[in-house]
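Report on one structure; see the data block that follows.
Derivation of every value follows stated rules applied to the coordinates shown; laboratory data play no part. Note that the coordinates shown come from a computational prediction; the quantities given were computed from them, not determined experimentally. Note: ideal-geometry Cβ built from the backbone for every residue, glycine included; neighbour counts use all protein chains shown.
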Amino acid sequence: MPLNASDDRLLGGLDLVATLAMGRPVAESGLLARAHGGVLLATMAERMSASTSSRLCAAIDTGRVQFARDGLHGQDAARFVLIAFDEGAADDERPPAALLDRLAFRLDLSEISPRVPGEVETPSSEAVNSFDESVALAKATIDEEQITALCNVALAFGITSMRVAQLAVATAKTSAMVFGRAQVAEEDITMAAELVLAPQAKSLPNSQPQPDDSEASQDDATDDTQMRQESETAPQSDLRDTPSPQEKDTNDSPKDTSKGEREAMEDRLLDAAQSAIPSDLLAQLQATMLPVSAAQGQRSGGSAGRQQLSKLRGRPLASRRGDPKSGARLDVLATLRSAAPWQTIRRAERAAAQGAAGGMQPPVLIRRDDWHVSRRAHRSETLTLFAVDASGSAALHRLAEAKGAVELLLAECYVRRDQVAVVSFRGKQAETLLAPTRSLVRAKRSLASLPGGGGTPLAAGIDRALLLADSAQRRGMSPTLVFLTDGRANIARDGTPGRPQAAADALGAAKRLRAGGFNVLMIDTSPEPQDAARALADAMRGRYLGLPYAGAQGISAAVLAQTKQTKATR
Amino acid sequence: MSSPFPFSAIVAQDTMKLAMLIAAVDPSVGGVLVLGDRGTGKSTAVRALAALLPKMRATVGCKYGCDPASSSVSCAECATLKASGATIKSHLISVPVIDLPLGATEDRVVGALDLESALARGVKTFEPGLLAKANRGFLYIDEVNLLEDHLVDLLIDVAASGENLVEREGLSVRHPAKFVLIGSGNPEEGELRPQLLDRFGLSVDVTTPQNIEERVAVIKRRDQFECDTQTFTTTWKRAEDKLRKQIAAARERVKTVEVTDAALTRAAQICMALGTDGLRGELTLIRAARALAALEDVATVGDDQLRRVAPMALAHRLRRDPLDDSGSAIRVERALAEIFTEVASATA
């Protein structure tokens, strides 16, 4: 399956050449229908578009492909084995989640080097031939205990999707069939747990994801990870002693007579599955246990940029009927295609209208109905917007660090062709120091001239940042906001001094900012972490980082981690 | 999939099932939007609903499945037939539940010229599209958030007017297209336009069951169904029949359920407290409450019905309030709690 195959190719459509030649509509079956009974290979699945993946998912769910296109409708059988290659180099390049949810097995080949052929175990032809299809035809049954065990293990790994649990059950049953068993045995569910559940693990059994994690400062989190890594390298016996809360729940039910037995079975399953987790996945899991912005999932726009429809730039999408007047380009080929079948009728009509006198017949009769315009989608650009507290309370040297961080990030953004903007607030008001730009020189110049001192008009600063982010979003950019402040507001929105009013105004502004659904990072620059800044971060539904001693390097690393994380969790 | 999973065998997801039943009893509530995680049985429920609905009477040979009893709504052919006073042959058909396939093109949705007769005979005949097929039934759009904007607009317009107008190749066809729109989607995979949200009558959020008993039950029933569809369907037949009768009875009753001025006042109070725009909220709230009363064989719409349908009828109509942290469902609950405690203290 080619990446970004069009709907015509994927679902099927009108075979125009055959249609015109035969004088009757001839359908051309799509890739999904042609893969029926076989294997469909999707390479570079990490770049698959949402629309392609939704069509694949529909075919997987129903075992058929329904189409209603180009004057044809119907359905074809489409049961196939889907093999998707995830060739993403970075963590944020992953196949669509909807598709991943439907794939039973995940194999990690990154540890198999083609240069060390000796280490790879090739299945002997004997083992392959020994599989007797006639034995495998009988359907195996699975009992409730075993289903419960698989469900519990799935939950222990933080897998909430029902589909994955169902795939595990199906795998256990198939395994029993392959081995010629009428009843699913423990080997089968162990295999299912190893093959299906372990590679999809979202958390480790002994570490339930804590919602409060986002409160933890980064220092805490790194300590935590190290601790977890240590516990991982230690013998795994301690994992077994910590049953997940779900297990406890079921164990409480008195009617469960064989609970001890099942518990033991679940423990063995967990162990087996856990040892089957690839080592790099383990590391990844631990990495994702770092505080994650609560804003994730709020909006799909991360720093990778939201898809924008555009008339002139970007990757081509299927063209649609429409008027080229509104600035879109006429898709000549699609227009001709849609006009082609109607030529017979139109000629006859035209001849009738002109009467016997006849006249010149144009070679192709095209009407307004046929007009197709091409459409394109392009990734929106990312804007990193810094709101810097330049007041007296943010000591001058911190300002210098902030400037340094912005410059470092700017260099990074320059490489990625992202844009940067800077808002500063001090005294009684906020100002836009640097409108969104890619220019390194301009940014440095405007930052160098940033003065410090005065009160902290935090509400005004947030308002200004929101205004800028909003207008950037309207122009098709995906903004990430980074606040560098100690959160101690002392100038109200109307410019009058007074802490309580200023703090209330700032909180109100923060809540308005949250409604925008932006990606927010709040860096607390005060020597001791402040409750005020944390409350603000919560109100913005942003990530809070206390970086009392962070230098320019530290801040820029944190911002990069934030943008990267939102990409990964999207 | 010849035999769909029985509706009554769907584990939990009570709100979703209730919303669909309400729409089945009174299609004028205007569609159901089901939003939620992957693999929560959204599509299963819609397909199950199709099998559950009582059969309906339709004119034989009518492409749009016109109701022979209805005098006002019918296609041009049926209208002339009725006007001529000829006896109309009718038959019982299942209520159509039409899937809008992904990647469907506009011509197949609204209907277009028949390609075959145009090519082979050079004749212009209208070939009805999916909207015609869905007339008097349900139109189901999976992944509604991934649907092309222009198709969504078109569907919403037709769903609201109950009529489809096609102008193609000098052919002008107008035909009834009254259907209940059921949309499902996962908001994480693409955002829903607010205009779209508001056009659905009811909106429910579904989540993956979090408790282990329910999860096991889901898997177990699915497994039984796949292993032995026949037996499974027979086991659930009684429950299905009962529900089918309940729907049929409720459809009759819904005309006689009384909506008192007190109930109307209460509905208006709820909507005012929540600050919903326009009157669509009140209308949907009353209709849904009435359908619920009919389903449960209650003669008069009371506070109980209003309270239970308010979240699904109103939650998606609220303006986003930047100063309120909680989700819209919680805001509805809060407003309801306030109104009803006031009432309780007033009567006490």
Fill in the blank from the handout: Taking a crude spin-label model, label points 7 Å out from Cα along the C-beta direction, the B:Ala79 to B:Ala273 distance in nm is 4.6
Practice task
Rounded to whole Hz and in sequence order, give me ³J(HN,Hα) for the range B:118-127 from the Karplus expression 6.51 cos²θ - 1.76 cosθ + 1.60, θ = phi - 60°, writing x for Gly and Pro.
Solution key: 5, 6, 7, 10, x, 10, 8, 10, 8, 10
Exercise for the section: Can you grab the distance from the C-alpha centre of the range A:22-95 to the C-alpha centre of the range B:69-92, Å, no decimals? Expected result: 43
Problem - Nonlocal amide H pairs with B:Leu139, under 5 Å, H built at 1.01 Å - result: B:Ile98, B:Val180, B:Leu181, B:Ile182
Practice task
Decide, for the range B:43-189, between rounded, prolate and oblate: order the square roots of the alpha carbon gyration tensor eigenvalues as a ≥ b ≥ c, take rounded if a/c falls under 1.5, and otherwise choose prolate if a/b is larger than b/c, else oblate.
Solution key: oblate
Problem - Unsatisfied cross-links (Cα-Cα over 28 Å) in the set B:Lys63/B:Lys242; A:Lys511/B:Lys42; A:Lys173/B:Lys242; B:Lys17/B:Lys55; A:Lys202/B:Lys42 - result: B:Lys63/B:Lys242; A:Lys511/B:Lys42; A:Lys173/B:Lys242
Practice task
Excluding A:Gln429 itself, calculate the net charge of residues whose Cβ lies under 15 Å from the Cβ of A:Gln429, where each Lys or Arg counts +1 and each Asp or Glu counts -1.
Solution key: -1
Fill in the blank from the handout: The summed charge of the A:Gln66 Cβ neighbourhood (under 9 Å; Lys/Arg +1, Asp/Glu -1) stands at -1
Problem - Cα gyration tensor, the range A:7-100 - rounded (a/c under 1.5), prolate or oblate - result: prolate
Fill in the blank from the handout: Computed over chain B, the relative contact order (Cα-Cα under 8 Å, seq sep at least six) in percent reads 22
Practice task
Specify the inter-centroid distance of the range B:16-40 and the range A:404-473, based on alpha-carbon positions, in whole Å.
Solution key: 47
Problem - DSSP bridge pairs, the range A:7-100: antiparallel proportion in percent, nearest 5 - result: 70
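Take the Cβ-Cβ distance between A:Arg499 and B:Glu296 as r, set R0 to 60 Å, and report the resulting FRET efficiency rounded to the nearest 0.05.
Between A:Arg499 and B:Glu296 the formula returns 0.60.
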Completion exercise
Quick calc, A:Arg368 & A:Val332: beta-carbon distance into FRET formula, R0 22 Å, rounding 0.05, result 0.90
Exercise for the section: Could you list B:Ile286, B:Ile247, A:Ile523 in order of exposure, starting from the residue whose Cβ has the fewest other Cβ atoms within 10 Å? Expected result: B:Ile247, B:Ile286, A:Ile523
Exercise for the section: Mind ranking B:49-62, A:146-159, A:485-498, A:46-59 by how tightly packed they are, going by the mean number of other C-beta atoms within 10 angstrom, highest first? Expected result: A:146-159, A:46-59, A:485-498, B:49-62
Exercise for the section: Would you please give the residues with an amide H less than 5 Å from that of A:Leu40, counting only those at least 5 places away or on a separate chain, with H modeled from the backbone geometry? Expected result: A:Val81, A:Leu82, A:Ile83
Fill in the blank from the handout: From fewest to most C-beta neighbours within 10 Å, the residues B:Val95, A:Val406, A:Val164 line up as B:Val95, A:Val164, A:Val406
Handout entry: Peptide B:95-104, shielding by other chains (average Cβ, 10 Å cutoff)
Key = 6
